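Below: one structure, written as structure tokens.
Any read-out appearing in this document is the output of simple, stated calculations on the displayed coordinates, not a laboratory observation. Bear in mind the structure is a predicted one, so any value in this text is a computation, not a measurement. Neighbour counts run over all protein chains shown; Cβ positions are idealised from the backbone, glycine included.
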Amino acid sequence: MDKAGLLDLIQTKREAERKREAVRSSFIAASPRVNGGAITGMAVSDLQLLFSLYDAIFFNSYFTGSFAGSITFSLSTRMSRSAGKIIYPRNLKGLPPDQEKYELRLGLTLFFDYYRLSREKKVNGIYTRDALEAFLLVFEHELCHLIELHLFRQSNCQKQRFKSLAYNLFGHTESYHQLPTSREIAAEQFNLNIGDRVAFTVENHNLEGIINNINKRATVMVPDHNGDYRDARGRRYTKWYVPLPSLKKK
């Protein structure tokens, strides 16, 4: 299949679902770390395996046989709101085909936290039954970015071209996820939100401050005349990263 043939890959919703299930079952059978719907760990080799399965099952092995550039994979535990991203050179438009370089990165935190909230979770407009299905749908979204970049040297999931590509390939009807975020978990399980005044204890010292951000831990700004951080009114603070269970709302 040539490059233009990627745009001719159109499947029905049922075909996309069947192929996704084929990817899923083959991935579970071959991965030493993922043996079911829960995700508790993953390695870069798992992403490489997953890409090879999608290439064979969805893309007629186009990337194995016809792609001249390079694709690498990475995992992150620091991505707390974004589930995936694709990284590419800023001068991509001027590169010949054999110098195309892409890095496909998946964040793991959202999938580790998948079961921390009991509500329904959609990804790309599709209701997911477990963390692995959500992971596959995010992976598909990044594959659409990869293909659009490869074909047109630019990609925007808010534009119609991307939406048509995602729908034709995978049956996606939206371009975002509704997975539990650290902020949502903090609000529901600990009643903590950005802007809340909280207290906590460090080495037998009681401190009070304001939540400035929430990821895996809360970022708390504590008033301190000698602090390294200063707000627009000149007030100084020290910054503390505090586990959510250690915070008491004031």
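Here are some notes:
- Note on Asn212 and Gln160: with the Förster distance fixed at 41 Å, the Cβ-Cβ geometry gives a FRET efficiency of about 0.60.
- Taking Ser175, Ser118, Ser182, Ser45 and counting other C-beta atoms within 10 Å, the order from fewest to most: Ser118, Ser45, Ser175, Ser182
- Degrees between helix 44-58 axis and first principal axis of the chain (Cα, 0 to 90, nearest 10): 40
- Compared with the dominant Cα axis of the chain, that is its longest principal axis, helix 13-30 is turned about 70°.
- Taking 21 Å as the straight-line reach from the Cα of Lys93, the lysines in range (excluding those fewer than 8 positions away in the same chain) are Lys3, Lys85, Lys101, Lys159.
- Using alpha carbons only, the radius of gyration of the range 109-250 set against its Kirkwood radius gives Rg/Rh = 1.14.
- The ranking of Glu21, Glu133, Glu120 by Cβ neighbour count inside 10 Å, starting from the fewest, reads Glu120, Glu21, Glu133.
- Across the range 57-71, the residues whose backbone nitrogen lies under 14 Å from the label position 7 Å along the beta-carbon direction of Ala22 are 57-62.
- Residues Phe63, Phe135, Phe170, Phe152, sorted so that the one with the fewest Cβ neighbours within 10 Å comes first: Phe152, Phe63, Phe170, Phe135
- Förster radius 35 Å - calculated FRET efficiency between Phe152 and Ser118 (Cβ-Cβ, nearest 0.05): 0.30
- Karplus-based coupling profile of the range 93-105, in residue order and whole Hz: 4, x, 8, x, x, 6, 10, 5, 9, 9, 10, 9, 10, with θ = phi - 60° in 6.51 cos²θ - 1.76 cosθ + 1.60 and x standing for Gly or Pro.
- Residue-averaged [θ]222 nm for the chain, counting only DSSP H segments that reach four residues, each worth -39500 (n - 2.57): -10500 deg cm²/dmol
- Distance between the range 213-250 and the range 80-127 - C-alpha centres, whole angstrom: 30
- The chain: angle of helix 160-170 to the longest principal axis, Cα-based, in degrees nearest 10: 70
- DSSP beta bridge pairing in the range 68-173, given as percent antiparallel to the nearest 5: 45
- For the chain, the equivalent ellipsoid derived from the Cα gyration tensor has semi-axes of 40, 21, 16 Å, listed largest first.
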